[in-house]
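See below for the structure under consideration.
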Amino acid sequence: MPYGISNLRYFTLIIIGLLSGAAGSQVVHIIYKPLEDLPDLIDAEITKLRISEEIPEESSMNRIKKLLEKFDNLHKQFEKYEKRK
C-alpha cells in the first residue's frame, strides 16, 4: 500500500478519518443547528422573489407548456422518421 504501510493499517486510518469527520459534522449540527430554520428561509426567499416578480406564478406553467409542446414536436418527428424506415 502507499507509503510502505500494511493494508490493515491503511484501511484503519481511512475508516478512522471518515468516522472522525462524521462525528465532527454531527457535533456541529447538534450545537449550531444550521438546518433548523431552513424551510422558513426558503419560504421567505420564494415570497421575496414572487413579490419582485422575478418568478411570476404562471411562468412555471408556461415553461411546462412550452416543454410539452417541444416534446410533442419531437415525438411527431420521431414518428415520421420511424415511418420512413
Since Ser20 meets every condition but one in (1) surrounded by 10 or more Cβ atoms within 10 Å (Cβ to Cβ); (2) modelled with pLDDT under 80, which condition does it not meet?
-> (2)
Check on Asp72, surrounded by 10 or more Cβ atoms within 10 Å (Cβ to Cβ) and either hydroxyl-bearing (Ser, Thr, Tyr) or at pLDDT 85 or above (or both) = no
Six or more apart or on different chains, Cβ under 7 Å: which pairs go from a residue in the range 39-61 that's surrounded by 10 or more Cβ atoms within 10 Å (Cβ to Cβ) and at pLDDT below 70 to one that's outside any loop (DSSP other than H, G, I, E, B) and not acidic (Asp, Glu)? Could you list them?
-> Ile55/Leu49
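The values are calculated or read from the model by the stated rules, or taken from the named source; none is laboratory data. All of these numbers come straight from a predicted model, not from anything done at the bench. Using ideal geometry, Cβ is built from the backbone for each residue, glycine included, and neighbour counts are taken over all protein chains shown.
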